[in-house]
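Comments concern the structure below.
Only the coordinates and a few stated rules stand behind these numbers; no lab work does. Just so it is clear, the structure is predicted and the values come from calculations on it, not from any experiment. Cβ placement follows ideal geometry from the backbone for every residue including glycine, while neighbour counts extend to all protein chains displayed.
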Amino acid sequence: MPQFNTVATSAADKATFMSKVWAYFGLAILVAALGAWSGEIVMQTLAGVGIPYYAVHIAFMGLMFAQWKFSHVPAMLYVFAFVSGLVLYPTLAFADATGQMMAVIQALLSAGGLFFAAAIFGYTTKKDLSGMGQFLMMTMFGLFIASIINIFIGGDTMRMILSGVGVVLFSAYTSYDVQAIKNGAYDSAVSAAYHLYFNLFAIFQYLLSFFLSAGE
């Protein structure tokens, strides 16, 4: 979580830093798209050596924890983005096979709109959002636990509710993170880009789950 008690920098320095953040962020999106496009090849390759595809999800979780230590390393950001694309592949393939690609398009457009609306709000608002950090973190952990429980005893209705909560949560996180970046709370543009990318990834994933559940 970013810290807000940092020394103020000049407007020019902030603008340069923000430009670097968006550059890393944009490249991460392209790498993630490459990962999703490569999903079938990776799945076949893993199956050929006897490794189940859920190993990708395990790797994804491991990379999430690794980011706490290596979030300033560009290569880690791009590896994480690529693997996140692989994580999305089975869902995208399912949507394609069942004729629900419109749900994917809706989720993609909605995620982009929500993310950038939240980012603009975080950058322009005069309201101090730094106090939201602890609440957002607790909500994220609660959502994670509820999602695991829902796998075993839940259903489509609960999945849609959790998806809605996830969209709101990570939209709020986007505003929080963008304001933190603007206020100089990050000393690494790569780390800042990782947080923004993860927010967009989560928003898209939750929206995709919601639209697919609504279409069943």
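Report the extension gain between residue 134 and residue 16 in nm, rounded to one decimal, defined as 0.36 nm multiplied by the number of residues separating them, less their alpha carbon distance.
Full-extension gain reported as 39.6 nm.
Given axes a ≥ b ≥ c from the Cα gyration tensor, I'd like to know whether region 118-158 is rounded (a/c under 1.5), prolate (a/b larger than b/c) or oblate. It comes out prolate by the Cα gyration axes.
Sequence gap at least 6, Cα distance under 8 Å: using those rules, report the relative contact order of region 11-215 to the nearest whole percent.
Relative CO of region 11-215 lands at 32 percent.
Can you tell me how region 92-216 classifies by the Cα gyration tensor, rounded, prolate or oblate, using a/c under 1.5 as the rounded cut? Prolate, since a/c reaches 1.5 and a/b exceeds b/c. Take the Cα of residue 51, step 7 Å toward its Cβ, do the same at residue 151, and the gap between the two points is 2.0 nm. For Rg and Dmax of the Cα atoms in Å, the candidate list reads (1) 17.7, 55; (2) 17.6, 60; (3) 16.5, 49; the entry that matches the value derived from this model is (1).
Region 101-116 and region 140-182 have Cα centres separated by 17 Å. By the rule of a C-alpha distance below 22 Å, with chain neighbours fewer than 8 residues away ignored, the lysines paired with residue 182 are 14, 20, 126, 127.
What does the extension gain come out to for residue 165 and residue 105, with contour length at 0.36 nm per residue minus their alpha carbon separation?
19.5 nm
A helix-only calculation puts the chain at -28500 deg cm²/dmol for mean residue ellipticity at 222 nm, using -39500 (n - 2.57) for each DSSP H run of at least four residues, averaged over all residues. Taken as entire DSSP H runs, the helices of the chain that both span 27 Å or more between Cα atoms along their own long axis and average 0.0 or more on the Kyte-Doolittle scale are 11-37, 74-97, 101-124, 133-153, 156-182, 189-215. Other residues lying with their Cβ under 15 Å from the Cβ of residue 121 contribute a combined charge of +1, Lys and Arg counting +1, Asp and Glu -1.
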